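Novice: One structure coming up, written as structure tokens, with questions to follow.
The values are calculated or read from the model by the stated rules, or taken from the named source; none is laboratory data. Just so we're clear, the structure is a prediction, and the values are computed from it rather than from any experiment. Note: ideal-geometry Cβ built from the backbone for every residue, glycine included; neighbour counts use all protein chains shown. The area values use the complete protein model at the heavy-atom level, side chains included, leaving out ligands, DNA and RNA. Shrake-Rupley method; radii C 1.70, N 1.55, O 1.52, S 1.80 Å.
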Amino acid sequence: MFDAAKVAVALEALRRAFPDRPFPQGKAVVRGGQSHDPTGQSHRHEDPEAVGVARFFAGAPWKSVSGPALLAWGMAGVALRHLTPEALAYYLPAYLTAFLTEPLEPVSFAVLESAVSVLTAPEKVSGPPPGGRSDAQWQAMARERAEKFHAFAGALTDAQRAAVRAFLEAVESVFEEPGMENPVRTALERYWES
């Protein structure tokens, strides 16, 4: 399914770029829930999903949460959106290594799709807001997504960004569908190739 040579390159890049070190003390693993009202004001709230994600990771070393247990966890895909930018940068190699070393089944493929989405820089907002949202609300949501992505990318070293790029290049072929946009190609073009 994957190109073996590209997988080997990506795994070596991940091994070299992400050291086996503890999660930084005093750093939050998840961010609480957040919503934006029609005026664009941000409101924080407790999110039960975020609580579950915090409990699963609990500041554990990234190597201890990788592999089949991570991909089989029912919240593996949604967890990526609840992690703080720093925690996402820290736990990302657990996900990427698991995708490259474990069989891709429907559940793990759905988690991979979620990871590719998280690794895709948001587009600049254009056009009317969807779903009856106000322009201010839509702009605030878009700004939050962009800030979170750039904080995550900024938490990575150059070697780590190169390892993410190698990972995306290794999985790109799995998303090839005739006549369809390849989401991995989009992720690469929007940020990782630059």
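Novice: I'd like to know which of Ser134, Leu11, Leu83 lies farthest towards the positive end of the charge dipole of the chain, counting +1 on Cβ of Lys and Arg and -1 on Cβ of Asp and Glu.
Specialist: Toward the positive end, the furthest listed residue is Leu83.
Novice: Considering Cα pairs under 8 angstrom that are at least six residues apart, work out the relative contact order of the stretch 1-97 and quote it in whole percent.
Specialist: 33
Novice: While we're here: When we measure straight from the Cα of Lys6, which lysines land under 25 angstrom away, once same-chain ones fewer than 8 places off are left out?
Specialist: Within reach: Lys63.
Novice: Quick check for me: using +1 on Lys/Arg Cβ and -1 on Asp/Glu Cβ, what's the dipole size of the chain about its Cα centre, in debye to the nearest 20?
Specialist: On the way: 19 positive and 23 negative charges, 134 e Å.
My answer is approximately 640 debye.
Novice: With point charges of +1 on the Cβ of Lys and Arg and -1 on the Cβ of Asp and Glu, referenced to the Cα centre of the chain, which listed residue (Phe167, Thr157, Pro122) lies farthest in the positive direction of the dipole?
Specialist: It is Thr157, whose Cα lies furthest towards the positive end.
Novice: When only Cα pairs under 8 Å and 6 or more residues apart are kept, what is the percent relative contact order across the stretch 66-194?
Specialist: Details: 99 pairs, mean separation 37.9, N = 129.
RCO, the stretch 66-194: 29 percent.
Novice: Tell me the angle of helix 158-171 to the major Cα principal axis of the chain, expressed in degrees between 0 and 90 and rounded to the nearest ten.
Specialist: The angle comes out near 80 degrees.
Novice: Ok, one more. Could you order the peptides 182-192, 63-73 from most to least packed, using the average number of other C-beta atoms within 10 Å per residue?
Specialist: Working: 182-192: 17.8, 63-73: 16.0.
So the order, starting with the most tightly packed, is 182-192, 63-73.
Novice: Given +1 on the Cβ of Lys and Arg, -1 on the Cβ of Asp and Glu, and no further charges, what dipole in debye does the stretch 17-107 carry about its Cα centre, rounded to the nearest 20?
Specialist: On the way: 7 positive and 8 negative charges, 53 e Å.
Charge dipole, the stretch 17-107, about its Cα centre: 260 debye, nearest 20.
Novice: Taking the 0 to 90 degree range and rounding to the nearest ten, how far is the long axis of helix 106-118 tilted relative to the main principal axis of the chain, both from C-alpha atoms?
Specialist: Relative to the chain, helix 106-118 is tipped by roughly 60 degrees.
Novice: Hey, another quick one. Which lysines have a Cα lying under 22 Å from the Cα of Lys124, excluding residues fewer than 8 positions away in the same chain?
Specialist: Lys148
Novice: Give me the one-decimal nm value for the distance between modelled label points at Met180 and Lys63, 7 Å along each residue's Cα-to-Cβ direction.
Specialist: 3.6
Novice: If you don't mind, another one. Using protein chains only and a probe of 1.4 angstrom, how many square angstrom of Thr39 are accessible, to the nearest 10?
Specialist: Approximately 100 Å² for this residue.
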